[in-house]
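Trainee: Handing you a structure now.
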Amino acid sequence: MGRYLQDLRSREVDAIVPPRGPDVQIVERGGCFLLGGFLKKPHMSTAEFPDETGLECIANRLRMETMLEPRLASSCPLLLLTAGLVTARTFSAALARYHGRFNVILSYDGESCAVRFHKIRAGQRWLAEDLEGYVDEGVLVFEAGADSPLPALLSA
């Protein structure tokens with residue numbers, strides 16, 4: 001992920017970036033924190049997941065390429081990373097209203113970018129311990145939530 005962020009920092013882009021990302025509605029249901037859009041149109045059963053963390057990571061994924069015009073995304077893939085960082089900031093701000101600690105996960109492979117989140121729970125993991133082990137993509141994790149020991153790193 002470091003090389004992707006370095007590439008992004010090295011470019012001068014004359015563009016107006018909206019101060020906030022997409023509107024997100026997070027709903028707590030049965031101890032799970034899910035995007036409202038997933039609850040309105042669930043495409044999977046909660047029984048299909050081994051634990052709450054797995055459910056949240058699948059249900060709470062936004063793909064940046066679906067948020068940008070395809071020609072623009074393919075001609076300037078770093079826009080996907082920029083959109084991902086803005087979306088991660090939006091998730092972080094939305095999760096600050098809830099007690100608990102959450103991981104906001106951004107993954108980027110040079111052609112696509114996804115942002116997801118899950119509540120941090122004892123005994124449940126979504127990611128590998130070593131984030132540098134992901135060789136096909138860069139992975140960035142931010143901690144969010146009212147009980148997070150870290151300040152909101154992505155707050156504006």
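Trainee: Do we have Met1 as within 23 Å of Ala144 (Cβ to Cβ), in contact with a Leu (Cβ under 9 Å, 6 or more places away or on another chain) and at pLDDT below 80 here? Step through it out loud before you land on a result.
Mentor: Working: within 23 Å of Ala144 (Cβ to Cβ): yes; in contact with a Leu (Cβ under 9 Å, 6 or more places away or on another chain): yes; at pLDDT below 80: yes.
Answer is yes for this residue.
Trainee: Something else: Could you list, in sequence order, all residues of the stretch 98-124 that are in contact with a helix residue (DSSP H, G or I) (Cβ under 6 Å, 6 or more places away or on another chain), assigned to a loop (DSSP other than H, G, I, E, B) and surrounded by 16 or more Cβ atoms within 10 Å (Cβ to Cβ)?
Mentor: Result: Ser112, single match.
Trainee: Against the definition (in a helix (DSSP H, G or I) and touching a Phe, Trp or Tyr at 6+ places or on another chain (Cβ under 8 Å)), how does Phe91 come out, yes or no?
Mentor: Details: in a helix (DSSP H, G or I): yes; touching a Phe, Trp or Tyr at 6+ places or on another chain (Cβ under 8 Å): yes.
Spelling it out, Phe91 is indeed in a helix (DSSP H, G or I) and touching a Phe, Trp or Tyr at 6+ places or on another chain (Cβ under 8 Å).
Trainee: Let me ask something additional. What's the number of the condition Gln6 fails, among (1) at pLDDT 85 or above; (2) in a helix (DSSP H, G or I)?
Mentor: The single condition Gln6 does not satisfy is (1).
Rundown of residues vs (1) surrounded by 10 or more Cβ atoms within 10 Å (Cβ to Cβ); (2) of a type in the set (Asp, Glu); (3) modelled with pLDDT of 65 or more; (4) touching an Asp or Glu at 6+ places or on another chain (Cβ under 9 Å), yes/no style:
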| site | (1), (2), (3), (4) |
| --- | --- |
| Asp14 | no, yes, no, no |
| Arg20 | yes, no, no, no |
| Asp23 | no, yes, yes, no |
| Val27 | yes, no, yes, no |
| Phe33 | yes, no, yes, yes |
| Gly37 | yes, no, yes, no |
| Ser45 | no, no, yes, no |
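Trainee: Considering Leu95, Leu62, Leu79, Leu127, which residue is surrounded by 15 or more Cβ atoms within 10 Å (Cβ to Cβ), without any contact (Cβ under 8 Å) to a residue 40 or more places away in the chain and more than 20 Å from Ser10 (Cα to Cα)?
Mentor: Exactly one residue qualifies, and that residue is Leu127.
The values are calculated or read from the model by the stated rules, or taken from the named source; none is laboratory data. Values in this document were obtained by computation on a predicted structure and should not be read as measured data. Cβ: placed from backbone, ideal geometry, glycine included. Neighbour counts: every protein chain shown.
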